[in-house]
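The values are calculated or read from the model by the stated rules, or taken from the named source; none is laboratory data. Keep in mind that what you see is a predicted model, and the values were worked out from it rather than measured. For neighbour counting, all protein chains shown are included, and Cβ atoms are generated from backbone atoms with ideal geometry for every residue, glycine included.
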């Protein structure tokens with residue numbers, strides 16, 4: 001999908017079309033999630049600080065992210081994809097691989113599948129997308145990026161919409177591209193590759209693999225060398241399960257009040273717990289992440305006797321960990337993650353599920369709160385998000401709605 005979050009917002013606010021629009025946090029520590037191509041002309045891009053984005057583009061229109069709505073649209077898109085082929089591997093909210101090998105007899109060649117797919121997405125959702133076609137996943141991903149519109153200071157190039165790399169042309173397509181186009185080449189790896197005189201994907205393919213491994217590590221070096229030669233044997237995996245579910249939020253000011261942090265912990269746990277239940281999984285481990293004003297980050301985790309799916313049980317697991325941290329310097333970011341996800345199973349109390357001082361164990365809390373959590377899920381499904389939630393977070397924006405920096409003022 002093209003500038004997915006922005007495109008969804010422009011569908012709701014068509015009067016903003018043609019303007020520089022940014023979806024992201026608006027607080028002092030907000031982060032850009034997506035930018036319209038008009039905003040990209042000024043150098044605004046995802047993951048950029050919102051403060052920097054405002055300096056680059058003072059006239060940009062900022063919109064708070066609405067993740068629940070984006071996920072709803074994403075589910076609609078997946079239904080469209082699956083109407084073409086059952087072999088759909090969704091790798092993010094706005095991106096998926098489709099194996100259309102078996103669709104040829106009914107629809108036509110890959111170019112025709114791509115044309116019909118783009119038409120149906122536009123007709124059903126009024127959203128633009130690009131399609132990359134290739135013999136394997138890696139090159140298809142590269143082709144889809146190559147097909148997208150491009151924003152330059154002088155204007156916006158519309159892009160191909162669909163770009164195909166036919167068998168036998170993989171090397172000719174890949175090798176002229178910059179090396180940071182490769183999956184797995186981040187800023188640190190890029191700097192190391194530059195010291196070897198590597199600037200393009202072709203340079204990676206040409207360098208001795210032993211030299212490459214010596215610079216960036218054996219596994220990473222071999223992986224990049226394979227990709228640079230167009231090799232990718234991975235199949236499209238229709239059932240791709242998340243390895244973790246989490247929410248992190250950066251606050252507009254450093255927090256030093258334990259009670260205020262507790263209310264944020266409750267809100268984040270509630271959001272993470274709901275997502276685990278929606279996915280039909282449970283958290284074998286729950287992790288707390290805290291980033292201080294010094295930018296130092298610490299993580300702490302708990303593996304309870306039973307997997308967790310409710311907000312109160314996750315709070316009970318993580319609150320003692322939070323209380324052990326010295327927050328006097330100020331907390332910049334708080335995060336909650338559900339890990340070691342497994343298919344959801346009813347909690348069962350055992351002889352050892354009660355603490356020595358008589359307090360309820362995590363298993364007990366999980367069992368007690370499960371019926372109420374399911375009832376809350378039903379209310380949200382019927383009446384919409386924001387209708388019900390933890391009392392301690394009623395004056396704050398709804399759980400997990402903004403992963404890109406909370407606003408300076410609560411959102412109604």
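Observations on the structure shown:
- Single residue of the stretch 39-55 satisfying the filter (in a helix (DSSP H, G or I) and in contact with a strand residue (DSSP E or B) (Cβ under 7 Å, 6 or more places away or on another chain)) that is nearest to residue 19 (Cα to Cα): 39
- Annotation note: of 80, 107, the sole residue that is in contact with a helix residue (DSSP H, G or I) (Cβ under 8 Å, 6 or more places away or on another chain), within 27 Å of residue 139 (Cα to Cα), touching a residue at least 40 places away in the same chain (Cβ under 8 Å) and surrounded by 13 or more Cβ atoms within 10 Å (Cβ to Cβ) is 80.
- Residue check for residue 224: at pLDDT below 95, in contact with a helix residue (DSSP H, G or I) (Cβ under 7 Å, 6 or more places away or on another chain) and surrounded by 15 or more Cβ atoms within 10 Å (Cβ to Cβ): yes
- Residue within the stretch 197-217 that is buried (at least 19 other Cβ atoms within 10 Å of the Cβ) and closer than 30 Å to residue 341 by Cβ present: no
- Complete set of residues in the stretch 175-190 that are farther than 12 Å from residue 145 by Cβ and either out of contact with any strand residue (DSSP E or B) (no Cβ under 7 Å at 6 or more places or on another chain) or in a helix (DSSP H, G or I) (or both): 179, 184, 185, 186, 187, 188, 189, 190
- Checking residue 202 against (1) within 27 Å of residue 278 (Cβ to Cβ); (2) touching a helix residue (DSSP H, G or I) at 6+ places or on another chain (Cβ under 8 Å), the condition it does not meet: (1)
- Neighbours by Cβ (under 6 Å, 6+ apart or cross-chain): first from the stretch 136-157, touching a residue at least 60 places away in the same chain (Cβ under 8 Å) and on the phi < 0 side of the Ramachandran plot; second in a strand (DSSP E or B) and crowded, with 18+ Cβ neighbours inside 10 Å: 137/97
- Condition check for residue 61: in contact (Cβ under 8 Å) with a residue 24 or more places away in the chain, buried (at least 16 other Cβ atoms within 10 Å of the Cβ) and closer than 20 Å to residue 148 by Cβ: no
- Just one of the listed residues (110, 103) is at pLDDT below 95, within 21 Å of residue 159 (Cβ to Cβ) and more than 16 Å from the chain's Cα centre (by Cα), and it is 110.
- Residue 273 in a helix (DSSP H, G or I) and surrounded by fewer than 15 Cβ atoms within 10 Å (Cβ to Cβ): no
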